[in-house]
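Report on the structure given below.
The values are calculated or read from the model by the stated rules, or taken from the named source; none is laboratory data. Given the structure is predicted, the values throughout are model-derived calculations rather than measurements. Virtual Cβ from ideal backbone geometry, glycine too; neighbours counted across all protein chains shown. Side chains included, ligands, DNA and RNA excluded: accessible areas come from the protein's heavy atoms. Shrake-Rupley method; radii C 1.70, N 1.55, O 1.52, S 1.80 Å.
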Amino acid sequence: MKKLRIAVVGCGGMARFYCKRYTQIEGAELALVIDSNLSAAEKIADSLGCAFSDRFEDALAPDIDVVDISTPNFLHEFQALSAIDSDKHVILQKPLAPSIAEGEHILAASNRTKRNVGMYMSMFNNPIMYDMKRLIAEGYLGEIEGVHCRNAHRGGLITPPGTWRGDLAKCGGGSFIQLAIHSIDAVQWLIGSEIQSVMAFSHNRMCKNIGGDDATAASCLFESGVLGTIESSYCADRSYIGVYGTKGYFLFTNDVDLEVMIDTPFKGEVIEYDTPKAQRRYPVYSTLQQYEHETPYDQSIAFVKAILEGKPAPVSVESGLRDLKIVKAVYESAATGMRMDVK
Ligand SMILES: NC(=O)c1ccc[n+]([C@@H]2O[C@H](COP(=O)([O-])OP(=O)(O)OC[C@H]3O[C@@H](n4cnc5c(N)ncnc54)[C@H](O)[C@@H]3O)[C@@H](O)[C@H]2O)c1
């Protein structure tokens, strides 16, 4: 059977890890990497043995089946629409787009095609996510009372001038749209409830080369009645997701460990908990370690496998747009001092 041929557009940041994954899928091959900076594409092509180009149009060639859009946020709409119109399957990096209008255009186009169009949300790479989901869905935490999340690193302090992250229109925000979107997406999936209303503070005190916020703190009301907080920062480290219930809790500290305390034993893929009511810690893969291990959960692999098996994209464009609306409601709340409902 003919292999699915994949083109990755955008060879910056983390793209070398995504590209490598496409060389590990039976039934698919990494055919082409593209970057407007030709040497960035050439470097990845040399290491992975594929073609390279500095022309986005080459991703639209008839012999390409899947286009991975890993370019800066402001290019997502044009490149996604072009790829969809050329009958490609499309996977998009988060956030969906800098603005809701652009996100809605992508959603409308994705609803017109029979091809898969979906999001790459990296938290779902981690096997621990599926144990955490089970702890909640199967009642090990009891009734969920609250969540608290933070996505943060010090990247904003060292961002040079003149990048797309320094341009509010190109990025769509600062630390909250870039970092907190991971927790927004993950925590709603984990607790099975969407964020309904938000109240927030947001500012930029330290990162002169970031166009939007360098720190944001948002309080959230979920449809189920759960209360939570989601913070982001480009000025200090530490990311985590904590979920607290009437029978126990977990605190997932990204790249470090998962702390669990529940009333009953639990056996998952990573967690083996046999000491009821005692606090236990389990090591987790760091963001980069995940790429060293075989996993069906990797988002690039899961997306391509879904195409091969005739299944929908694992993370939908609808959820990407919903996440974006929450980000924008948070920014609106911070700007107006008002509570905002997510519409
Ligand atoms: N899932 C994650 O954890 C994660 C992490 C980092 C970035 N991202 C997302 O990935 C996207 C890219 O971010 P990044 O950190 O790699 O940015 P980056 O600035 O490091 O790299 C972007 C690359 O795109 C290239 N590029 C710019 N215009 C182009 C064009 N017209 N055609 C082809 N290539 C072009 C640039 O030359 C650069 O190499 C963003 O949407 C970002 O939010 C996701």
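Result for the chain in a Gaussian network model with C-alpha springs under 10 Å: among V243, V117, V256, the largest mean-square fluctuation is at V256.
When +1 charges are put on Lys and Arg Cβ atoms and -1 charges on Asp and Glu Cβ atoms, the dipole computed for the chain relative to its Cα centre reaches about 260 debye.
Label-to-label distance for E292 and D274 is 2.8 nm, based on points extended 7 Å past Cα in the beta-carbon direction.
Count Lys and Arg as plus one, Asp and Glu as minus one, and take only other residues whose Cβ is under 11 Å from that of T216; the net charge is then -2.
Annotation for V256 and T23: the two label points, set 7 Å from Cα along the Cα-Cβ direction, are 3.4 nm apart.
Only the Cβ atoms of Lys and Arg (+1) and of Asp and Glu (-1) were treated as charged; on that basis the dipole of region 1-108 about its Cα centre amounts to roughly 420 debye. If each Cα of region 219-334 is one equal point scatterer, what is log10 of I(q)/I(0) from the Debye formula at q = 0.14 Å⁻¹? At q = 0.14 Å⁻¹ the computed log10 ratios are -0.93.
Only helices reaching 20 angstrom along their own axis (Cα) with mean Kyte-Doolittle hydropathy no lower than -0.5 count here, and for the DSSP H runs of the chain these are 317-336. The charge dipole of region 6-51, taken about its Cα centre with unit charges on the Cβ atoms of Lys, Arg (+1), Asp and Glu (-1) only, comes to about 160 debye. Each of I241, P312, S47 was scored by the projection of its Cα onto the charge dipole of the chain, and the greatest displacement toward the positive side belongs to I241; charges sit on the C-beta of Lys, Arg, Asp and Glu.
Here the Kirkwood formula, the inverse mean of 1/r across different C-alpha pairs, assigns the chain a hydrodynamic radius of 20.7 Å. Remark on region 174-278: ratio of C-alpha radius of gyration to 2.2 N^0.38 Å is 1.24.
Solvent-accessible surface of region 138-190, averaged per residue with a 1.4 angstrom probe and all protein chains in place: 39 square angstrom. When the charge dipole of region 1-132 is built from unit charges on Cβ atoms (+1 for Lys and Arg, -1 for Asp and Glu) and taken about the Cα centre, the candidate among G10, L75, Q93 whose Cα reaches farthest toward its positive end is Q93. How much of the DSSP beta bridge set in the chain is antiparallel, as a percent to the nearest 5? Close to 60 percent.
When peptides 37-48, 69-80 are sorted by average Cβ neighbour count within 10 Å, with the highest value leading, the order is 69-80, 37-48.
Here the chain exposes an accessible surface that is 53 percent carbon and sulfur, computed with a 1.4 Å probe and the other protein chains kept in place.
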